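The structure under discussion appears below in the form of C-alpha cells.
The values are calculated or read from the model by the stated rules, or taken from the named source; none is laboratory data. Please read these numbers as outputs of a predicted model, since none were measured by experiment. Positions of Cβ are generated from backbone atoms using ideal geometry, with glycine treated the same way; all protein chains shown enter the neighbour counts.
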Amino acid sequence: MAVILDKLKEVCYSILPVFVVVILLSMSLVTISFAQMARFVIGTIFVLVGLTLFLIGVEKSVTPLGKVTGISLAKTNRLWIVLLGGLLVGFFVSIAEPGLFVLANQVNTVTAKHISTLTILIVVSIGLAFMLSLGFMRIFYNVSLSVILLGLYSLIFVLSFFTSREFLAIAFDASGATTGILAVPFILALSAGISRLKKDVKSSEQDSFGLVSIASAGAIIGIMCLDIFSKVTHYDTNVTISANHSSQIFAPFMSDFLSNLFDSTIAMLPLVLIFILCKRKFFHLKTAQIYRMSIGFVYAFLGILCFFIGVNTGFMDIGIVIGQQLIMLENKWIVISAGFIIGFITILAEPAVHILTYQIEDVTSGYVKRKAVLLSLAFGVGLAVLLSIVRILVPEIQLWHYLLPGYALCLGLMCVTPKLFIGMAFDAGGVATGPITATFILAFIQGAAFTFEGADLMIDGFGMIAMVAMMPILTLELLGILFRIKMNLRKGV
C-alpha cells in the first residue's frame, strides 16, 4: 500500500498543475460545458489511477525484464545473438509505449486513415529496433557516442531533403513519443545490463547513457523512409478535429471501452510473451522473481487500460477545446503565454525529470544544482511549446527553421561537452516528452492548428513533441560545459 501511495503522490504532482490550469482557464477565458468538464474530471481520475498502476507495474516487471534481458544477451558473448535480441526487444517495447499509441492515433485521425495507427506503430518500432541493435554494437566495440550521433543525425539531415513537410513534423514527434514512460526505463535497464559487465568502470558508467538517444533516432528515420517510399503523395486532411460535445457523461467511457481494451492488450502482449517464453530457460529466474514480475505485468496492463480510457475519453478533449478557443482571441499573446505556462509547469512537475535532476547533481558531486537543472529544463520546454504556437500563428515559419539550427547546435556542442553529459543530454529528450506532453499538450496544439485560419493541421498540428525533445539536449549540454568550466577553475586551469 505504501508503494501505491508513493506512486500516486508522484503522479498527482504531474497531473495536478494541468488540472489547475484547466480550471482557471474555464473560469476566465474558455467556455467548457458541464458534460465536458465532468468527463475531464473523470478522465483525470482514470489517468491518475492508470499512471500510478502502470508505473508500479513498470518498476516490478518491465525494468527487471530489461535488466535480465541485457545481462542474458551480454553473457552469450555472441554478437549475432545480441543484435537479434536488440531487434526483437526494441520492436516490442516500442509498440508497448503509450505515448506512441496516442500519437499514432492522432496521425490516423488527421490523415483520414490514409496512414493507419498500425502502420505508424510498426514503422517506428522497426526503426527503433535497428537503432537499438546499433547501440548494442557501440557498447561492445567501444565506439564513441558522439560519432554515432553525428552519423545518425547527418543521415537524418540528408533524408529531410526528400521528406515532405507533413511527415518531417511527424517523424521528429515519433522520436519523442516512443521514448516515454515505458521505453525509457526498459532501454536504460537494457543498457545497464550490458554495460555493467565491462571491466572498465568509467567506460561502463558512460555507456549507461546514450542508448535512448540512439534508439529514438530510429523512429525519425523510420517515418522519413515511410514518406519517401510511400506511393501516397497527397493526404486528405478535410477532417474535423474537435472535442466531444455530447451532453452525456458516462456513455462515451462505455462506448470506447472495447477499443481501449484492444489497444492495451496489443501494447502489453509482446512483453508478456517475452517474459513467459524466456523466464526460465534464458533468464534463469527464481519462483519468487517470476511471481513478483507477473504481478507487475498485471499492474501495468490495468494501468495502461485506465490511462487510455482517461486520455481518449476525457483528457484530450479539454486540450482541444482550450486550443481552439484561445487561438481565436484577438490578443494572441494570451495563447502564446498559455503555451509557455503549460509547458513550464508540465515539465516542472514530471517525476522522471526530478529523478534526472537528482542524478545529475549526484554525478557532478553537487557542483550542478538540481534546482538549476529543473528550472532550466522547465524554461526550455515552456519555450518549445511557445514556439510551436508561434509557428501556428505565423505560417511562414516552418518546423525545420527551428530544428535545423537547434540540432546543428546540439551536435556542435558535443565537441566541448563532457562525454558523460552528452549521453545524459540526448536521453533527457525522452524524459521530457512524458504522458502529459503526448496527450494534453498535443491536443492543445492540434486544436489551435485546426481552428486558426491559414494554419495546416497536418503540418502545424505536429512538431511540438519534437521541440520539447530538443530543448533538454541544449540545456544539459550547456550545463555540462558549465560543469567542465567549474572543474577547470577548481583545478586552477
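Applying the selection to region 435-455, what residues are in contact with a Ser or Thr (Cβ under 7 Å, 6 or more places away or on another chain) and either outside any helix (DSSP H, G or I) or of a type outside the set (A, V, I, L, M, F, W, C) (or both)? Result: Ile436, Thr437. Only one entry in Phe344, Phe315 is under 20 Å from the mean Cα position of the chain (by Cα) and modelled with pLDDT of 85 or more, namely Phe344. Selection within region 124-148: residues that are in a helix (DSSP H, G or I) and free of Cβ contacts under 8 Å to residues at least 12 places away in the same chain. The member of this set that is surrounded by the most Cβ atoms within 10 Å (Cβ to Cβ) is Val147. The condition of being within 27 Å of Ala171 (Cα to Cα), modelled with pLDDT under 80 and outside any loop (DSSP other than H, G, I, E, B) holds for only one of Val232, Val212, Val239, that being Val212. From the list Gly176, Gly193, Gly222, which residue is in a helix (DSSP H, G or I), modelled with pLDDT of 85 or more and of a type outside the set (Asp, Glu)? That would be Gly222, the only listed residue that is in a helix (DSSP H, G or I), modelled with pLDDT of 85 or more and of a type outside the set (Asp, Glu). Condition check for Phe301 on (1) of a type outside the set (Val, Ile, Thr); (2) part of a loop (DSSP other than H, G, I, E, B); (3) at pLDDT 85 or above: one failure, at (2).
When you scan region 431-453, do you find a residue that is crowded, with 19+ Cβ neighbours inside 10 Å and among the acidic types (Asp, Glu), even just one? Checked region 431-453: no residue is crowded, with 19+ Cβ neighbours inside 10 Å and among the acidic types (Asp, Glu).
Entry remark, region 406-430: residues being of a type in the set (Gly, Ala, Ser) and crowded, with 24+ Cβ neighbours inside 10 Å number 5 in total.
Any chance region 405-428 includes a residue that's in a helix (DSSP H, G or I), within 30 Å of Met328 (Cα to Cα) and modelled with pLDDT under 85? No, region 405-428 contains no residue that is in a helix (DSSP H, G or I), within 30 Å of Met328 (Cα to Cα) and modelled with pLDDT under 85. Only one entry in Thr451, Thr437 is in contact (Cβ under 8 Å) with a residue 12 or more places away in the chain, under 21 Å from Ser388 (Cα atoms) and under 12 Å from the mean Cα position of the chain (by Cα), namely Thr437. Do we have Ser246 as buried (at least 24 other Cβ atoms within 10 Å of the Cβ), of a type outside the set (Asp, Glu) and at pLDDT 65 or above here? In short, no.
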